[in-house]
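Before any comments, here is the structure.
The values are calculated or read from the model by the stated rules, or taken from the named source; none is laboratory data. Fair warning: this is a prediction, and the values are worked out from it, not measured in the lab. Don't worry about glycine lacking a Cβ; one is built from the backbone with ideal geometry, like all the others, and counts go over all protein chains shown.
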């Protein structure tokens, strides 16, 4: 009976433990993976010409543009361009899911041959020695000559870890709006933050939800809202944050964050915005349930089909700068197609990455986007929305890199979103935000690298 | 023959394969995690040993205690509300006609076999503040004031996730109880009825006492299942707004994978193991009765 009890106890405990089970063998696998790039290169077996090389490609599968690039360009032209390659396509999800999936693959030594890298997690993969430095490969095969500004590909250590068409350097925060809703309700494009709030009030009084954004996980505050509000108060503070010359107790930050708190409390966003995902937030806008959509210019191509949609930039509060003078830009040399330095077919993986980025460039070039990777595409008639996007970009006098991508380590960046998400509930003050986030900022290791 | 099955060697031989698998796949992987919990570790590289620093950091973290509070709420609701409801549902299934019983049995199992993502997304849609079923219903019956931002209000978000979670598994628990009820000999009920017992008395004095083993099994499953709630939180709120709907398991995942503090995440895991062991001992202590043979 006693033994039976002990066995019963053991199974119960084991069941409890199995609920907790979480991979903890990171260090061991890691040491096995960290092979130098040169070794991988020299040991790459040459596949027999008749047999296909199998490669695994992981892509962002929640990003509308990336889905189109994969389905309409990469898959479509693959057989003609890379006849000896057989691809196993792996949809990676998006956002935090994508990041965590990659980190887990990195830790378990199961990274795909090629994947779409993002700055938010790339440093972790690079520091583990798993992300290939392209420099030698793309110099040897002259692919680098296709880039108008090859220096834009280089990370701070001078190496090239990702191949990007370069469209994301031109991605900036934008407010998309329905022209007819504005006209019917007597609302003009706001030039100052006060005008913006007045416009939102007018729309709200007419029963229209002013603006949808993605609030889940604090996405909008994390990617652009906090920075945009800081810039709209004083661009110098954003530049100082990028160089760690100030912190989040700066009074300008408080004033900036106060604006987000005000917007949430005044009902600028839909109810429940703090839990609103990207797709539904865009859907609210395209189905005209909201008058505006706060996002990035990467939606321009998708929204161009509707001539009723226009765009403008986030209005300023600083009399020294006009609204169109300052913007944040998204690009990072760590965004783009990356290759596993431990791939069994590194050279073919590089070819695949080069092919993917070329297809990405084709897609954006056909939309009329500006690119770093040059193509032979002759741009046809651009949509009015795209023309407006390019006009706004070219007129901007000061372009500031994204703080989230260029000044925060993984923990700080994540908490930047989580704590920022609180602001959207309307039950969290700017003062609390400054207090909570500044303590995280103080532990930021980005500038200690 | 039965004697053979009762000696220690036989028990060991039969239990050994299971024990071996549990040891390899469950116990062993925890050991490196314990080691990592004493290191500054980003998931890929260790920056060295830090003693109990990770544990101190965890124990001083408001988010960790909030996550523990949320987990406790979920476990309590599971025990005090969901478990009795499951039992009631099982008793209700038992008194149905065979045709309606099959319908109820199917309805009980159906949510449990659906994907957690499907269930969670369905509940997210139901809780949606503007056009969601719950608020729409409340508005339609004139209770406009009760309409609420269910998943973005810190005071309601945990309860809402718990409801979605329990809704999925309450039927499965009921079915387990029902299976136990079916194994109770009918003569006991017949004798009780002759003595004048009604449905409630029979349930209280016959069914429940004879279901002790099943209750214990469902209790352990419910408590551990509730404590390890993760997927519903991940899909429905990602732990938000802020950290207000994180469970301990979600806090561990967030710390390890999102903020890349694997050392701290492992410390949370170790503390959670201790919590689970404590709860397991408690359950065994309070349910360690001699089995009623019938």
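Report, ordered by the first and then the second residue, all pairs with beta carbons closer than 6 Å, sequence separation of six or more or different chains, a first member in the range A:235-251 that is without any contact (Cβ under 8 Å) to a residue 60 or more places away in the chain, and a second member that is surrounded by fewer than 21 Cβ atoms within 10 Å (Cβ to Cβ) and outside any helix (DSSP H, G or I). These pairs meet every condition: A:237/A:250; A:240/A:246.
Residues that are touching a residue at least 60 places away in the same chain (Cβ under 8 Å) and at the interface with chain A (Cβ under 7 Å from one of its Cβ atoms) within the range B:14-40 comprise B:30, B:33, B:36, listed in sequence order. Scan the range A:430-443 for residues that are surrounded by 16 or more Cβ atoms within 10 Å (Cβ to Cβ) and more than 12 Å from chain B (Cβ to nearest Cβ) and the total you get is 3.
When the helices (runs of 4 or more DSSP H) confined to the range A:71-138 are screened for residues that are at pLDDT 90 or above and away from every other protein chain (no Cβ under 12 Å), those reaching at least 1 such residues are found at A:75-81.
Here is a yes/no grid of residues against (1) surrounded by fewer than 19 Cβ atoms within 10 Å (Cβ to Cβ); (2) modelled with pLDDT under 90; (3) assigned to a loop (DSSP other than H, G, I, E, B); (4) touching a strand residue (DSSP E or B) at 6+ places or on another chain (Cβ under 6 Å):
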| position | (1), (2), (3), (4) |
| --- | --- |
| A:285 | no, no, no, yes |
| A:293 | no, no, no, yes |
| A:306 | yes, no, yes, no |
| A:318 | yes, yes, yes, no |
| A:321 | yes, yes, yes, no |
| A:332 | no, yes, yes, no |
| A:337 | no, no, no, yes |
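Listed conditions (1) away from chain A (no Cβ under 14 Å); (2) touching a residue at least 40 places away in the same chain (Cβ under 8 Å); (3) under 30 Å from residue B:161 (Cα atoms) are all met by residue B:63, apart from (1). With (1) assigned to a helix (DSSP H, G or I); (2) buried (at least 17 other Cβ atoms within 10 Å of the Cβ) as the list, and residue B:40 as the residue in question, which single condition is left unmet? Going through the list (1) assigned to a helix (DSSP H, G or I); (2) buried (at least 17 other Cβ atoms within 10 Å of the Cβ), residue B:40 breaks only (1).
Do we find that residue B:234 is assigned to a helix (DSSP H, G or I) and within 11 Å of chain A (Cβ to nearest Cβ) in this structure? Spelling it out, residue B:234 is indeed assigned to a helix (DSSP H, G or I) and within 11 Å of chain A (Cβ to nearest Cβ). Would you confirm whether any residue within the range B:19-27 is modelled with pLDDT under 95, exposed (fewer than 11 other Cβ atoms within 10 Å of the Cβ), farther than 28 Å from residue B:283 by Cα and out of contact with any helix residue (DSSP H, G or I) (no Cβ under 7 Å at 6 or more places or on another chain)? Looking for residues that are modelled with pLDDT under 95, exposed (fewer than 11 other Cβ atoms within 10 Å of the Cβ), farther than 28 Å from residue B:283 by Cα and out of contact with any helix residue (DSSP H, G or I) (no Cβ under 7 Å at 6 or more places or on another chain), one finds none in the range B:19-27, hence no.
Residues that are assigned to a loop (DSSP other than H, G, I, E, B) and in contact (Cβ under 8 Å) with a residue 24 or more places away in the chain were ranked within the range B:246-266; the one that is nearest to the other protein chains (Cβ to nearest Cβ) is B:260. Name the one entry in B:162, B:179 that is without any contact (Cβ under 8 Å) to a residue 40 or more places away in the chain and under 24 Å from residue B:106 (Cα atoms). Going through B:162, B:179 in turn, the sole match is B:179. All conditions in (1) surrounded by fewer than 19 Cβ atoms within 10 Å (Cβ to Cβ); (2) within 14 Å of chain A (Cβ to nearest Cβ) hold for residue B:243, with the sole exception of (1). Considered as a group, the residues in the range B:220-231 that are in a helix (DSSP H, G or I) and within 11 Å of another protein chain (Cβ to nearest Cβ) include one that is surrounded by the fewest Cβ atoms within 10 Å (Cβ to Cβ), and that residue is B:221. Inspection of the range A:152-169 identifies at least one residue that is at negative phi, touching a strand residue (DSSP E or B) at 6+ places or on another chain (Cβ under 8 Å) and surrounded by fewer than 18 Cβ atoms within 10 Å (Cβ to Cβ).
Where helices (runs of 4 or more DSSP H) fall entirely within the range A:175-280, those with at least 3 residues that are farther than 22 Å from residue A:417 by Cβ and more than 14 Å from chain B (Cβ to nearest Cβ) are at A:179-184, A:193-205. Looking at the structure I just gave you, is residue B:208 within 14 Å of another protein chain (Cβ to nearest Cβ), assigned to a helix (DSSP H, G or I) and out of contact with any strand residue (DSSP E or B) (no Cβ under 9 Å at 6 or more places or on another chain)? When the stated conditions are applied, residue B:208 does not pass them.
Which residues, counting only those in the range A:365-408, are surrounded by 14 or more Cβ atoms within 10 Å (Cβ to Cβ), in contact with a strand residue (DSSP E or B) (Cβ under 9 Å, 6 or more places away or on another chain) and assigned to a helix (DSSP H, G or I)? Across the range A:365-408, the qualifying residues are A:365, A:385, A:388, A:389, A:392, A:393, A:403.
For residue B:171, indicate whether it is surrounded by fewer than 18 Cβ atoms within 10 Å (Cβ to Cβ) and either at negative phi or touching a helix residue (DSSP H, G or I) at 6+ places or on another chain (Cβ under 7 Å) (or both). No: the conditions fail for residue B:171. For the range A:157-171, a tally of residues being in a loop (DSSP other than H, G, I, E, B) and touching a residue at least 60 places away in the same chain (Cβ under 8 Å) returns 6.
Going by the structure shown, is residue B:159 away from every other protein chain (no Cβ under 14 Å), in a helix (DSSP H, G or I), within 25 Å of residue B:124 (Cα to Cα) and touching a helix residue (DSSP H, G or I) at 6+ places or on another chain (Cβ under 9 Å)? Yes: the conditions hold for residue B:159.
Check the range B:142-155 and report whether any residue there is more than 13 Å from chain A (Cβ to nearest Cβ) and surrounded by 13 or more Cβ atoms within 10 Å (Cβ to Cβ). No, there is no match, as no residue in the range B:142-155 is more than 13 Å from chain A (Cβ to nearest Cβ) and surrounded by 13 or more Cβ atoms within 10 Å (Cβ to Cβ). Checked against the criterion of being surrounded by fewer than 24 Cβ atoms within 10 Å (Cβ to Cβ) and at positive phi, the candidates A:272, A:279, A:267 yield just one match: A:267.
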